[in-house]
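Here's the structure we're looking at; comments come further down.
Every number in this text was worked out from the coordinates using simple rules, so none of it is lab data. Worth saying up front: this structure is predicted, and the values here are computed from it rather than measured. Because the Cβ atoms are built from the backbone with ideal geometry, glycine has one as well, and the counts that use them run over all protein chains shown.
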Amino acid sequence: MKGTEAFRELVPMLGDRPVVHANGYICRESFQVLDREANFYMIGSMGLASSIGLGVALGRQDKQVVVFDGDGNVLMAMGTLAMIAAAAPKNFVHVVFDNQVYESTGSQRSLSGEIPLEEVARSVGYRHTERVTKKEELGPAFKRMLAEQGPSFLLVKVEPGFNPKTGRVTHSPEEITARFMRALQ
Amino acid sequence: MLSSERFIERLKEEGFSFFTGVPCSLLSGLISCLENRPDYLPAVREDAAVGLCAGAFMAGRLPVLLMQNSGLGYSLNAFTSLNLIYKIPVLVIMSWRGHLGKDAPEHIIMGDINENLLKTSGMEYAVLGDDNAEEVLARALRVIGQGLPFTLLVKKGQFDERH
Ligand SMILES: Cc1ncc(C[n+]2csc(CCOP(=O)(O)OP(=O)(O)O)c2C)c(N)n1
Ligand SMILES: [Mg+2]
């Protein structure tokens, strides 16, 4: 399954849940599929989508918070997995689009071909972890994630194949903050 | 010397409601007042703490981040590519190791340049002293009200230590 196909599958299931996006193509793909006020597009700060999402989840325990992360981003901030597991927010859903490369910078190999990130998440203490490789498994797995108590971790194996013509996020960073905070009210 | 307990109380009176960070012995008194509270989460790294505070702020909390100045090196990218451009404020309480070149070798360079790093990246800061705490706090709240981070630099002996 291609990254875009995975986004097309998941986005309609989001409802009004806040979603924090990792930098690079993940922001751009998701923006292209559907631009939502409740999307926080983190364009810089590689590795921090997960900690930002944790902060939102702890601050707003009445909202289920989703993080759309990348394998390179997760590998950069593995310690944050420990913070998430220790804080154990029930309302935290971590989705990782694992293409085994740093696609945004030209598809250089990452370590996730050797390191099963969902097992890292499980051993650190996430309550619910799954790996999905087939498109038809993705929707049902995400549905289970949304129904279970978190913190949850869904590893989605995707093939690299981002369309470089996909536009950039057109909102300014300041607008992204304002929209996201409005959506959270 | 300022009382750690009283200072944390003042922060809470001003509406700060979310605390995280990586310890420094100079801040040990402050952290010991927070450690067992539900609104404190130990961070694994300073940049992750910056992200955590940003999320908490957008979710309606007013965050405080405690760190050693060595953590400024780790978190500079987060301040410049997150807080400063997204207008996400945070109060940073940063210990000033290596002040005036009197400290262990690993602190000397950062102790020499931390003010310049803050200045050159456009981050407002103040050096906390015995007599300026209220004034500095008022300034911090003004800057935070504009959606920007503010750093309080804390020298050795400014707060009671507990270790
Ligand atoms: C601190 C830092 N280092 C490097 C980069 C360059 N960079 C931007 S996106 C990216 C790749 C992210 O990889 P991954 O999370 O796997 O997402 P993918 O691009 O594969 O969708 C890199 C290395 C950066 N933005 N910040
Ligand atoms: Mg990748």
* Evaluate E = 1/(1 + (r/R0)^6) for A:Asn163 and B:Ser25, where r is the Cβ-Cβ distance and R0 equals 51 Å; express this FRET efficiency to the nearest 0.05. => 0.50
* To do: Please report, in debye to the nearest 20, how large the charge dipole of region B:4-154 is about its Cα centre when each Lys and Arg carries +1 at its beta carbon and each Asp and Glu carries -1 there.
  => 380
* Virtual spin-label span in nm between A:Ser107 and A:Glu119, 7 Å along Cα→Cβ -> 2.7
* Ignoring the sites themselves, what is the longest stretch of chain B with no GluC sites (Glu not before Pro) in a DSSP loop and at most 16 other beta-carbon atoms within 10 Å? -> B:36-163
* Structure fact -> Distance in nm between B:Ser17 and B:Asp131 label points, each 7 Å along Cα→Cβ, equals 3.6
* Reported to two decimal places, what Rg/Rh ratio describes region A:1-67 when computed on Cα atoms with Rh from the Kirkwood expression? -> 0.95
* Per residue Cα convex hull volume for region A:20-146, in cubic angstrom? -> 108
* Structure fact -> Going through A:Lys90/A:Lys135; B:Lys87/B:Lys119; A:Lys63/A:Lys135 one by one, the pairs whose alpha carbons sit over 22 Å apart turn out to be A:Lys90/A:Lys135; A:Lys63/A:Lys135
* Between A:Glu137 and B:Asp39, what FRET efficiency follows from the Cβ-Cβ distance if R0 is 45 Å, with the result rounded to 0.05? -> 0.70
* Asked: So which aspartates and glutamates can A:Lys2 reach, going by Cα to Cα under 16 Å and dropping same-chain residues fewer than 8 places off?
  -> A:Glu29, A:Asp69, A:Asp71, A:Asp98, A:Glu103, A:Glu136, A:Glu137, A:Glu159
* To do: Among A:Ala77, A:Ala147, A:Ala49, determine the one that fluctuates most according to a GNM of chain A built with springs between C-alpha atoms less than 10 Å apart.
  => A:Ala147
* Would you please name the trypsin sites (Lys or Arg not before Pro) within region B:79-163 that are DSSP coil residues with at most 11 other C-beta atoms within 10 Å of their C-beta? => B:Lys102
* Structure fact -> chain A: longest segment with zero exposed trypsin sites (Lys or Arg not before Pro), where exposed means DSSP loop plus at most 11 other C-beta atoms within 10 Å, is residues A:1-133
* Taking square-rooted eigenvalues a ≥ b ≥ c of the alpha carbon gyration tensor, is region A:30-71 rounded, prolate or oblate, where a/c under 1.5 means rounded and, failing that, a/b exceeding b/c means prolate? -> oblate
* To do: Counting only C-alpha contacts under 8 Å and six or more residues apart, can you give the relative contact order of region A:3-184 as a whole percent?
  => 26
* Asked: Which value does Rg/Rh take for the protein assembly as shown over its C-alpha atoms, Rh per Kirkwood?
  -> 0.99
* Cα-based shape type of region B:4-154, given that a ≥ b ≥ c are square roots of the gyration tensor eigenvalues and the cut on a/c is 1.5 -> rounded
